[in-house]
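Asks: The structure that follows is given in the form of structure tokens.
The values are calculated or read from the model by the stated rules, or taken from the named source; none is laboratory data. These numbers come from a predicted model, not from an experiment. Because the Cβ atoms are built from the backbone with ideal geometry, glycine has one as well, and the counts that use them run over all protein chains shown.
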Amino acid sequence: MVCGLCSAQQSSPANWTKLQFLVGTWNAAGSGSPGEGAGVFSFSFDLQKRVLVRHSHTDYPPASNRPAFAHDDLMIIYADEQQLFHADYYDNEGHVIRYAIEFSADGNTWTFISDTLASRPRFRLTYSKTSQAELRIKFEIAPPDQPNDFQKYVEGTAHRN
């Protein structure tokens, strides 16, 4: 198909089958380094199904060493020209993370893993389907000098609304 704006060849629409399970709204709760939190996130298609967008909001109540705070983020998932999936993540703390997405053979685990970049931590976000209405979520960070030594930062579960 030719792009009406630029006369360039457009890529074929992505096959979203591997990510379809995530579409919807989810209530989540978890704990980790920032404390215990609860929130909601959603995955929905946009741009005529060219991207899958995740919006997330988590509230963390006050703890003995810090006041209450909220974490908001946005992630845009897309397929490249080879139909490999990637995601760009942005949050209210100023983080920007670029992920490649890997899929388990059984289709029940989605792993978002950032590139190895000199002097920057590496990130891994994993969603695992535990039932038709539940996900297990883990977010891990590896130090710049040991990019494969991931340590849990946050872990929790989510239930489909």
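Asks: Sort out which residues of the stretch 32-47 are loosely packed, with under 14 Cβ neighbours inside 10 Å, among the polar types (S, T, N, Q) and assigned to a strand (DSSP E or B), and write them in order of number.
Replies: Listed by number, the list holds a single entry, SER44.
Asks: Then there's this: Give me the residue from the stretch 117-131 that is farther than 16 Å from TYR89 by Cα and at pLDDT 95 or above and, out of that set, farthest from the chain's Cα centre (by Cα).
Replies: SER131
Asks: Any residue in the stretch 19-48 that is under 17 Å from ALA87 (Cα atoms) sitting within a Cβ distance under 6 Å of a residue that is part of a loop (DSSP other than H, G, I, E, B)? List the pairs, counting only those 6 or more apart or interchain.
Replies: Every condition considered, the pairs that remain are PHE43/VAL23.
Asks: Is at least one residue of the stretch 41-49 at positive phi and charged (D, E, K, R)?
Replies: yes
Asks: Quick check: is even one residue across the stretch 108-131 within 19 Å of GLU155 (Cα to Cα) and of a type in the set (Asp, Glu)?
Replies: First pass over the stretch 108-131, keeping only residues within 19 Å of GLU155 (Cα to Cα): 108-114, 121-131.
Narrowing the set further to residues that are of a type in the set (Asp, Glu) leaves none.
No, the stretch 108-131 has no match at all.
Asks: Select from the stretch 79-104 the residues that are crowded, with 18+ Cβ neighbours inside 10 Å and not aliphatic (A, V, I, L, M) and write down the one among them that is farthest from PHE69 (Cα to Cα).
Replies: So the residue we want is PHE85.
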